[in-house]
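The values are calculated or read from the model by the stated rules, or taken from the named source; none is laboratory data. Not measured: the values here are computed from a predicted model. Don't worry about glycine lacking a Cβ; one is built from the backbone with ideal geometry, like all the others, and counts go over all protein chains shown.
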Amino acid sequence: MPEKQSERTAATVCAQAGLLPTPSATVPLAPPIWQTSAFSYPDMETMEAITAGEVAGYIYARYGLPNHLQLEQVLATLEGAEAAIVTASGMSAIAATLFALTEPGQRVVADSHVYRGTRLLLEQDLARFGVQVDFVDCGDRAAVERTLREPARLLWVDTLTNPTLRVRNLAWLGTLAHAAGALFVVDNTFATPIHCRPLTWGATLVVHSATKMLGGHHDASGGVVAGPAELVEAIRRQVVRFGGRGGAFETWLIQRGLLTLPLRAVHSSSSAFALAQRLAAHPAVQQVSYPGLPGHPEHRLAERLFKGGYGAVVAFELVGGEAAVRRFLRALRLVRFAETLGGTITTVVHPATTSHRALPPSERAALGISDGLLRLSVGLEDPEELWADLEEALLASNE
């Protein structure tokens, strides 16, 4: 017969507070937060069965919590994938993928316009372990074909380049990668699965920084990789060895963010389109890059790739270069100057002095990053109020 609580000392009762079962015929409408670092076994046989994968069970937070599993199931479904793995950040997802799927002597081909964090990881870390890394402009089909004539393990691109908003042709890039025997990995952070699902266009794996649109509230960091179960399991093992799991609470916050993702993505995309049109017509703006605009070089491609909008991010270049940018940023009142994107709050950043400041001007110019370029991430504010703020700042940029 179980020992009664009243027969235990206060020290024991307090130490094990909350561990008693709480039977219920109802289920919560919101998922609980499994804020624990480990789980206990009832006996050796159960431990052995869980370790062998014969029965469901959890062991240790670094291996995965119920919150991780719930988020992975939703994200795999959104991307149309067999499986997904969630991590502590977008960069931990990228790092785990690269290290899990490459070996010394193999070769990775990446877009020369790939996300700056990915490029630094490839150049400064992966290359140190004997992996050859080559960069190519993945908007140039002939150049990609030439580069893939040599054996490659991976071809890595972003759906939309950061920060210049060029659109990559996932269909023919996937065809070229598979013909060369390479895995095709697509960072889909800017587009989200609401607007584009790269697996349907030939991608092998899809990567996201869940810190951005997926979480969407500027309050949690996370990453995800989705694709074939066999590859995802290899990446999962790498995540466990790296210690790359996020905490239960941040994972729960990202899952909560998904509740409104379709609404947020469509609203922000609609507002971004409207603002891009107005920016393109303003005399203080030299150039605008947004896939929804007919003048964008890959507008027709974007019409095929994207559904329900073209994303929340707009790139635009001010007349007057960096001096105009400084005046513009000082004049903003509603839009925030911050190195992030994809949240409820509209933010703007100056890539030449933030993410790409370490590059010499010639290399920035080759990537299309001028001193006057700004990247705007549109949130959930009223678009008319956002435009009023931007318009005032544009007037100030010319003073």
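Numbers for the structure displayed
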| quantity | calculated |
| --- | --- |
| Qualifying residue in the range 35-44 (condition: surrounded by 12 or more Cβ atoms within 10 Å (Cβ to Cβ) and of a type outside the set (S, T, Y)) | yes |
| Selected residue [assigned by TED's automatic domain parsing to the domain that holds S269, touching an Asp or Glu at 6+ places or on another chain (Cβ under 8 Å) and either free of Cβ contacts under 8 Å to residues at least 24 places away in the same chain or basic (K, R) (or both)] from R327, R336 | R327 |
| Index of the failed condition, Q35 passing every other in (1) within 25 Å of K212 (Cα to Cα); (2) outside the structural domain of P151 (by TED's automatic domain parsing); (3) out of contact with any helix residue (DSSP H, G or I) (no Cβ under 7 Å at 6 or more places or on another chain) | (3) |
| Test: residue in the range 213-221 that is surrounded by fewer than 24 Cβ atoms within 10 Å (Cβ to Cβ) and within 27 Å of V144 (Cα to Cα) | no |
| One residue from L120, L155 being in a strand (DSSP E or B) and either within 18 Å of the chain's Cα centre (by Cα) or free of Cβ contacts under 8 Å to residues at least 60 places away in the same chain (or both) | L155 |
| Test result for I254, part of a helix (DSSP H, G or I), hydrophobic (A, V, I, L, M, F, W, C) and closer than 18 Å to T189 by Cα | yes |
| The listed residue being closer than 30 Å to F39 by Cα, free of Cβ contacts under 8 Å to residues at least 60 places away in the same chain and among the small types (G, A, S), out of A226, A220 | A220 |
| Verdict on T102 being among the β-branched types (V, I, T) and either in contact with a helix residue (DSSP H, G or I) (Cβ under 6 Å, 6 or more places away or on another chain) or not assigned by TED's automatic domain parsing to the domain that holds R236 (or both) | no |
| Meets criteria (of a type in the set (S, T, Y), assigned by TED's automatic domain parsing to the domain that holds R278 and surrounded by fewer than 23 Cβ atoms within 10 Å (Cβ to Cβ)) for T354 | yes |
| Subset of the range 236-292 [closer than 30 Å to E82 by Cβ and over 21 Å from the mean Cα position of the chain (by Cα)] | R241 |
| Test: residue in the range 36-47 that is part of a loop (DSSP other than H, G, I, E, B), within 27 Å of the chain's Cα centre (by Cα) and among the β-branched types (V, I, T) | yes |
| First in the range 378-393 and under 21 Å from A323 (Cα atoms) and modelled with pLDDT of 95 or more, second anywhere and among the aromatic types (F, W, Y) and surrounded by 14 or more Cβ atoms within 10 Å (Cβ to Cβ), Cβ under 9 Å, 6 or more apart | L390/F328; A393/F328 |
| Residue in the range 315-329 that is closer than 21 Å to V74 by Cβ, surrounded by 15 or more Cβ atoms within 10 Å (Cβ to Cβ) and in contact with a strand residue (DSSP E or B) (Cβ under 9 Å, 6 or more places away or on another chain) present | no |
